[in-house]
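Inspection log for the structure reproduced underneath, given as structure tokens.
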Amino acid sequence: MRLITIANQKGGCAKTTTVVNFAACLAELNQRVLVIDLDPQSNASQWLGFEESKGGSAEIFKSQQKIEDLVQPSGVAGVDLIPASQELAQIEKLLAGELSVETILKRRIQKMNSENYDFVLIDTPPTLGLLTLNALAAAKELLIPVTTHVMTLSGVAQLINTVSNVREILNPDLSILGFIASRVDMRTRHSQEVLESLTERFGDQVFKAIIRENVRLAEAPSYSESIIEYDKNSMAANDYRALTKEILQRAN
Ligand SMILES: Nc1ncnc2c1ncn2[C@@H]1O[C@H](COP(=O)(O)OP(=O)(O)OP(=O)(O)O)[C@@H](O)[C@H]1O
Ligand SMILES: [Mg+2]
């Protein structure tokens, strides 16, 4: 079971788009996938057909219910989901004063039967708060999407700093699986520049597969379909397939 967190505290950098479509591409290759939505905005859950006001992933932090009992089948074949709910926004307050609150998810996932899934993907909110820290503490691997249509590299340094603190204190096993250049528009000088500086700084850690700007990706959530179902031969579907292939090849 590969445990992958998708994080970047920069808002709107394609975290959720990556989670949903990477999950769908894995499922297309007959991999069994569980998505855990840890974002109170619930975008991934809504995209996968869920609208919850209570429960879901918040129960991981509130109750002793087994992770497996929180799982729902999603609208995408082969992809299961633990949906987010607005209750997640209260979790930080609710846990105030308790011990080791950063490792609650980690401890709960350790009790899961690791035979049930090939991949667990965790979507995170655009902050470095308690929910994201739980996702970083629980994962073995970290995927960092970076959009190239706006300057986003400044926040990446802060994220990497958090990752090294997490490694030291909470989770020595955490490694950076790679950076995903997203919303790339090679017609703009700006996109090219961001891609260049990303590669300059992080070298081979930047995936060769890039995700290009494509309106089909912005349309798909309204239909509760991944890009694979919404437009299976689109450029966007093929970009995510290529990324998935590269991630599968990249050793854990
Ligand atoms: N390759 C792409 N082409 C066009 N639009 C895209 C692409 N990737 C993402 N988007 C759009 O960009 C916006 C932000 O994407 P997304 O919601 O995946 O980011 P996020 O990092 O999860 O945001 P948040 O930080 O709010 O959780 C969405 O409207 C999405 O449809
Ligand atoms: Mg999101």
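The values are calculated or read from the model by the stated rules, or taken from the named source; none is laboratory data. This is a predicted model, so every value here is computed, not measured. Here the Cβ is made from the backbone with ideal geometry for all residues, glycine too, and neighbour counts use every protein chain on show.
Quick notes
- Criterion violated by Thr148 - all others in (1) of a type in the set (S, T, N, Q); (2) within 13 Å of ligand 1 (Cβ to nearest atom); (3) within 14 Å of the chain's Cα centre (by Cα) satisfied: (3)
- Leu131 vs. criteria over 27 Å from Tyr230 (Cβ atoms) and touching a residue at least 12 places away in the same chain (Cβ under 8 Å): yes
- Residue within the stretch 53-74 that is among the acidic types (Asp, Glu) and within 18 Å of Met1 (Cβ to Cβ) present: yes
- Filter result (surrounded by fewer than 19 Cβ atoms within 10 Å (Cβ to Cβ) and charged (D, E, K, R)) within the stretch 197-234: Glu200, Arg201, Asp204, Lys208, Arg212, Arg216, Glu219, Glu229, Asp231, Lys232
- Restricting attention to the stretch 98-155 and to residues that are within 15 Å of ligand 2 (Cβ to nearest atom) and polar (S, T, N, Q), the residue that is farthest from Leu48 (Cα to Cα) turns out to be Thr152.
- Condition met for Val20 (of a type in the set (Val, Ile, Thr), over 20 Å from Gly129 (Cβ atoms), within 13 Å of ligand 2 (Cβ to nearest atom) and under 14 Å from the mean Cα position of the chain (by Cα)): yes
- A search for C-beta distances below 7 Å between a residue of the stretch 52-77 that is free of Cβ contacts under 8 Å to residues at least 12 places away in the same chain and any residue that is assigned to a helix (DSSP H, G or I) and surrounded by 12 or more Cβ atoms within 10 Å (Cβ to Cβ), counting only pairs 6+ apart in sequence or on different chains, returns Glu59/Leu70; Gln65/Glu59.
- Hey, Ser45 surrounded by 23 or more Cβ atoms within 10 Å (Cβ to Cβ) and at pLDDT below 95 or not: no
- Residues within the stretch 235-251 that are within 13 Å of ligand 1 (Cβ to nearest atom) and surrounded by 18 or more Cβ atoms within 10 Å (Cβ to Cβ), tallied: 5
- Note on the stretch 68-88: residues that are out of contact with any helix residue (DSSP H, G or I) (no Cβ under 8 Å at 6 or more places or on another chain) and assigned to a loop (DSSP other than H, G, I, E, B) total 3.
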